[in-house]
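To start, the structure under review is shown below, and the notes come after it.
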Amino acid sequence: SCATLQTRVSFRLTFGSIDSVGGKAEVFQEVRERRISGPDVPEKLMFPDAHRLAWDGRISKVMMRDPLDHQAKDPYGRTALMMACYRGHFLWVQERLKGEVPPDLKAEDDEGWTALHWCAAATNSEASQQQIEDAIVLIAESMLEKDRALVNLTNLSGQTPRGLAGASGHHSLARTLQ
């Protein structure tokens, strides 16, 4: 589909050639494979409503009040918060964090990635790189205010959010996660 192709092109433009860099290739291959399985691909009907709203950064007061919908996981084990973090939707994340029932910031997807891991690998073809960088720093700061220990969580591959941020070229975020 056009959206899938756009996602693949965006990945190449955002991250450039990484094949010759040791360690980064594996990280980006995983991100690339997982990116193309979002709500804008044909099987989007598999995703809960909260996930589709999070992917697009659309805020719905009714949806924000329903913690069960936001704790639901998609076929890959991801929560709506993870998707919003990955897309750099700061306002969506901020609304979710101040909701009546706060999200589980330590929730993991099928690969052990938390919302902060997804934030560290963030990209969005509809925004400039600087806009994404600014948004993900704000997202990370908001999450770290709730739980500073998030920076030390590792995914199943042993990667921390800080390591992913550095490998993804998000240097401001990597500094924030020190």
Fill in the blank from the handout: Reported to the nearest 10 Å², ARG52 has, with a 1.4 Å probe, an accessible area equal to 60 Å²
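Going by the alpha-carbon gyration tensor, a ≥ b ≥ c the square roots of its eigenvalues, is the stretch 45-165 rounded (a/c under 1.5) or, if a/c is not under 1.5, prolate (a/b greater than b/c) versus oblate?
Details: a/c = 1.35, a/b = 1.19, b/c = 1.14.
Judged from the Cα gyration tensor, the stretch 45-165 comes out rounded (a/c under 1.5).
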Fill in the blank from the handout: Once normalised by the length of the stretch 46-160, the mean sequence separation of its alpha carbon contacts under 8 Å that are 6 or more apart gives a contact order in percent of 24 percent
Exercise for the section: Specify whether the C-alpha gyration tensor of the stretch 112-154 places it in the rounded, prolate or oblate class, a ≥ b ≥ c being the square roots of the eigenvalues: rounded for a/c under 1.5, otherwise prolate if a/b is larger than b/c and oblate if not. Expected result: oblate
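The values are calculated or read from the model by the stated rules, or taken from the named source; none is laboratory data. Note that the coordinates shown come from a computational prediction; the quantities given were computed from them, not determined experimentally. All accessible areas refer to the heavy atoms of the entire protein, side chains included, with ligands and DNA or RNA removed. Shrake-Rupley method; radii C 1.70, N 1.55, O 1.52, S 1.80 Å.
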